[in-house]
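For reference, the structure is listed below as structure tokens.
The values are calculated or read from the model by the stated rules, or taken from the named source; none is laboratory data. Values in this document were obtained by computation on a predicted structure and should not be read as measured data. A quick note on method: Cβ atoms are made from the backbone with ideal geometry, for glycine too, and the neighbour counts reach across all protein chains shown. Only protein heavy atoms, including side chains, enter the accessible area calculation; ligands, DNA and RNA are left aside. Shrake-Rupley method; radii C 1.70, N 1.55, O 1.52, S 1.80 Å.
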Amino acid sequence: MARRKKIYEGKAKIIYEGPEPGTIVQYFKDDATAFNAQKKDVIEGKGVLNNRLSEFFMTGLNQIGVPTHFVKRLNMREQLCRQVEIVPLEVIVRNYAAGTMSQRLGIEEGTQLPRPIVEYCYKDDSLGDPLVTEEHIAAFGWASQQDMDDILSLALRVNDFLSGVMMAVGIRLVDFKIEIGRVYDGDFQRLIVADEISPDSCRLWDMETNEKLDKDVFRRDLGSLTDAYTEVATRLGVMPKNATPITKPTLIN
Ligand code: 5GP
């Protein structure tokens, strides 16, 4: 069998050429990184959970008419997606202060914001994904004004959807990051949600206890990341209750 072509390897995923032109296969690794990869570990089962969770969120978005790159899940760790040109921005939506917003502005973590606040970071690991304004984005040609209108609308629709889905299972959507891809249909281009949506890219807090159920568990050494992600997956019905813990296959003599 021919070896498939790797297009790109990131910190948490590998992108392979897909079976048809215009498609890719996204492989979810178990690698966890934080602070621009200064902190690293392998968390067994994380890739499987994120594959399932991202499938769940992207499918839900597709169903309510928010376009995403997701086509179908292929197996435990891989999904088929539309190939996109990634807009070089991380689009962050915040409902409550946390993380870098709290650090930058001195607002206590967990403070409810007067309305969802959308921020943009320039996607460049070597620079640590710096926060940028729409002025930078326009001046450097990373996205047009029409693109920015579309990106804002996509980001707020994703926020409404995700907040509702999470609230229904007792989880507060504090903030999240999405990436946006450009696709071409004939002469027309449009923007769709790409990359992944998972507890790696969201802050998710239990509504009653404020327990963290996201990558901050890894960033801040708060316990088992697999347990936290499994809790999210179980509450959402993505994984059955009492599912066998996700571990690598073991050899039986
Ligand atoms: P902060 O700016 O507070 O570090 O992050 C805001 C939100 O965006 C958090 O939910 C965080 O997980 C997500 N986020 C920001 N940058 C990245 C990134 O480079 N990778 C991932 N997976 N998520 C990010």
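The table that follows gives values for the structure above.
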read-out	value
Relative packing of peptides 168-181, 5-18 - highest average C-beta neighbours within 10 Å first	168-181, 5-18
Long-range amide H partners of Thr23 with built H, under 5 Å	Gly18, Gln83
Within-15-Å neighbourhood charge of Glu85 [Cβ basis; K, R +1; D, E -1]	-1
Rel. contact order, % - alpha carbon contacts under 8 angstrom, at least six apart, the chain	18
Exposure of Arg73 as accessible area (Å², to 10), given a probe of 1.4 Å and all protein chains	80
Kyte-Doolittle at least 0.0, axis length at least 18 Å by Cα - qualifying DSSP helices, the chain	145-167
Mean Cβ count within 10 Å, highest first, over the residues of peptides 192-201, 231-240, 114-123, 90-99	192-201, 90-99, 231-240, 114-123
Region 85-206, relative contact order [Cα under 8 Å, separation at least 6], %	29
Size descriptor, Kirkwood hydrodynamic radius, that averages inverse alpha-carbon separations across region 85-206, Å	15.2
Using a Förster distance of 41 Å, the FRET efficiency for Ile64-Lys11 (Cβ separation, nearest 0.05)	0.90
Relative contact order for region 59-123, counting Cα pairs under 8 Å that sit 6 or more residues apart, in percent	27
Region 1-112: projected area of the alpha-carbon convex hull, averaged over directions, in nm²	9.5
